[in-house]
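Written below as structure tokens is the structure these notes are about.
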Amino acid sequence: MTNKKFWLQGILLTGFSLFFRTTNIAYRSWLSGKIGPEGMGLYQLIFSVFMLAVTLSTSGISLAVTRMVTAAIAAGRRSTIRSVVTKCFLFCLTLSCTISLLLFTFSDFAAEVILGRRDAAACLRILALGLPFMSLCTCMKGYFLAVDESLSTSVSDAVEQVLTILAAVILFHVMAPGSIEKACFAAMLASSFGEGVSFLTGWIIYRRSLQHNTPKAVEKGRGVLHGMFHIAIPCTLSSAARSLLSTAENLLIPRELGRSGLDTASAMASYGLLQGMAMPMLFFPSSFLSSFAFLLIPRMAAAFEKGNAGAIASITEKALSAALKFGIFCAGVFFAFGGDWGTAFYKSADAGAYLRLLAPLVPLLYLDVVVDSLLKGLDEQFNSMKYNFLDSFLRVLLILLFMRFSGMPVYIAILFFSSIFNAMLSVRRLLQVSAVRIRLLNHVLLPISESIVAAAFTKAVVSHIPFSGIPLVLTEAAVCAVFYLSLGTVLSVFSRRRPSAVHA
């Protein structure tokens with residue numbers, strides 16, 4: 001992939017990602033208005049159980065397909081691509097149908113024993129029907145990334161997003177659900193419908209893509225099963241373990257909040273505010289990074305296959321610098337204006353308070369997005385999964401030991417410890433395998449100073465603006481970005497070109 005094509009695809013993917021995040025935030029805002037914080041808590045809990053099944057059905061599949069198709073292209077064996085992807089399809093279909101059947105069969109048990117709400121079983125059953133479609137879409141996503149057609153995935157995802165939201169609005173209008181469980185069922189039904197449409201769209205694009213990227217003569221692809229076991233299975237097992245811990249964490253939070261003194265409705269509402277509203281908002285700006293991070297996987301994989309240490313070091317340093325600078329800027333925006341964001345999108349001062357409180361975590365959360373992609377490209381996916389598993393295990397253990405004493409403040413402290421711990425492990429491993437050093441002055445200290453000053457200037461400017469709501473927060477972000485970029489340009493002129501490098 002040429003640099004021009006890389007940046008063009010990255011910009012277009014960022015546009016799609018912003019569309020997805022914006023519509024998702026808008027959808028959650030609309031949904032929270034329909035079912036309230038308690039309903040959002042249940043909605044998030046159901047999805048946390050479902051995500052364990054999703055992980056087992058999809059984790060590692062996309063990466064395995066990308067790596068095998070990329071290897072075939074690099075070796076001049078394009079005639080084997082159809083065979084490789086077909087075998088991956090069969091693997092995905094077998095695995096996902098098995099897990100879907102298990103989720104469908106044990107939905108009553110999961111709803112009653114795990115969620116504590118028997119009526120939620122219907123939600124799990126309807127979600128189970130969408131699992132095979134999700135798994136096959138993941139397989140196609142890996143193929144599209146390998147042949148430099150990542151936009152194809154975005155098109156099918158965009159169709160899914162739009163139709164899911166439209167279906168949810170129509171279902172809420174037609175069904176007029178009178179309980180939280182029935183409202184969640186309508187939302188899950190819309191989600192499964194969207195997955196089915198996404199698969200059909202992706203399949204049509206995939207069949208047309210094969211005509212351009214593979215010859216008519218088809219050769220049998222070899223080593224596919226070995227590739228799946230080498231890449232996908234370790235990722236699946238470690239991701240499943242982490243997903244199981246994540247599910248346990250999400251289920252424990254409302255319970256431990258109850259043990260700390262909150263009633264059931266208040267505990268679920270607090271959980272919904274944090275995980276259903278604040279956290280998605282914190283991740284919203286990462287759209288600008290995730291698209292480029294996604295495209296870095298085949299770039300790093302190609303450099304790794306060729307043993308090009310210079311390219312690996314260059315890509316790694318630039319990616320880490322961009323992630324840190326952007327994450328620090330977003331942290332400043334959320335800390336300074338989080339209250340306005342919570343009011344604008346959720347009409348909730350509590351959601352805004354969580355945004356401000358969690359703002360310092362943003363640089364680490366965004367850094368993790370980029371580091372994870374870089375490690376996958378360097379065949380370090382097992383180490384990445386290992387660190388994530390250890391992080392999740394410690395979080396669950398700390399929740400069990402301490403959260404009952406002080407409730408949500410303890411959980412916030414656990415989130416901070418967990419994010420720092422995970423970043424230390426993953427970044428250290430990346431720096432080791434890429435032979436790169438982090439320059440603390442340029443990469444961390446200067447961006448923090450610029451973010452603080454830019455936020456202060458922005459507060460002074462926007463204090464005279466007469467409008468409020470979404471126009472206000474967008475103005476705050478834009479003005480702060482202008483100040484931040486201007487300060488960065490000025491300070492870079494006076495900063496030393498070769499500051500002392502410090503190992504992270």
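Quick rundown of the values:
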quantity: Filtered residue count, region 26-81, keeping only those that are of a type in the set (Asp, Glu) and either modelled with pLDDT of 80 or more or outside any helix (DSSP H, G or I) (or both); calculated: 0
quantity: Any hit, region 96-118, residues being out of contact with any Leu (no Cβ under 6 Å at 6 or more places or on another chain), of a type in the set (A, V, I, L, M) and closer than 30 Å to residue 213 by Cα; calculated: no
quantity: Residue in region 144-152 that is surrounded by fewer than 23 Cβ atoms within 10 Å (Cβ to Cβ), charged (D, E, K, R), part of a helix (DSSP H, G or I) and out of contact with any His (no Cβ under 8 Å at 6 or more places or on another chain) present; calculated: no
quantity: Any pair with Cβ under 9 angstrom, 6 or more apart, that starts in region 431-454 at a residue that is assigned by TED's automatic domain parsing to the domain that holds residue 376 and more than 18 Å from residue 300 (Cβ to Cβ) and ends at one that is in a loop (DSSP other than H, G, I, E, B) and among the basic types (Lys, Arg); calculated: 439/498; 441/496; 442/496
quantity: Residue match in region 170-193 (condition: of a type in the set (Asp, Glu) and not in a helix (DSSP H, G or I)); calculated: no
quantity: Selection status of residue 499, in a helix (DSSP H, G or I) and either modelled with pLDDT of 85 or more or assigned by TED's automatic domain parsing to the domain that holds residue 318 (or both); calculated: no
quantity: Condition met for residue 342 (in contact with a Leu (Cβ under 7 Å, 6 or more places away or on another chain), without any contact (Cβ under 8 Å) to a residue 40 or more places away in the chain and either of a type outside the set (S, T, N, Q) or assigned to a helix (DSSP H, G or I) (or both)); calculated: no
quantity: Positions within region 87-113 being closer than 15 Å to residue 64 by Cα and touching a residue at least 60 places away in the same chain (Cβ under 8 Å), in sequence order; calculated: 87, 88, 91
quantity: Filtered residue count, region 321-339, keeping only those that are crowded, with 19+ Cβ neighbours inside 10 Å, within 25 Å of residue 41 (Cβ to Cβ) and not aromatic (Phe, Trp, Tyr); calculated: 1
quantity: Filter pass, residue 423 being under 26 Å from the mean Cα position of the chain (by Cα), under 26 Å from residue 368 (Cα atoms), exposed (fewer than 15 other Cβ atoms within 10 Å of the Cβ) and of a type outside the set (Val, Ile, Thr); calculated: no
quantity: Any chance residue 386 is surrounded by fewer than 20 Cβ atoms within 10 Å (Cβ to Cβ), in a helix (DSSP H, G or I) and among the charged types (D, E, K, R); calculated: yes
quantity: Test: residue 166 is farther than 20 Å from residue 89 by Cα and assigned to a helix (DSSP H, G or I); calculated: yes
quantity: Test: residue in region 393-407 that is at pLDDT below 90, closer than 30 Å to residue 302 by Cα, assigned to a helix (DSSP H, G or I) and within 19 Å of the chain's Cα centre (by Cα); calculated: no
quantity: Close pairs from region 246-272: first at negative phi and of a type in the set (Lys, Arg), partner surrounded by fewer than 19 Cβ atoms within 10 Å (Cβ to Cβ) and modelled with pLDDT under 80, Cβ under 9 Å, at least 6 apart; calculated: 255/116
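The values are calculated or read from the model by the stated rules, or taken from the named source; none is laboratory data. Predicted, not measured: the structure shown is a model, and the values here were computed from it. Cβ atoms come from the backbone with ideal geometry, glycine included; neighbour counts cover every protein chain shown.
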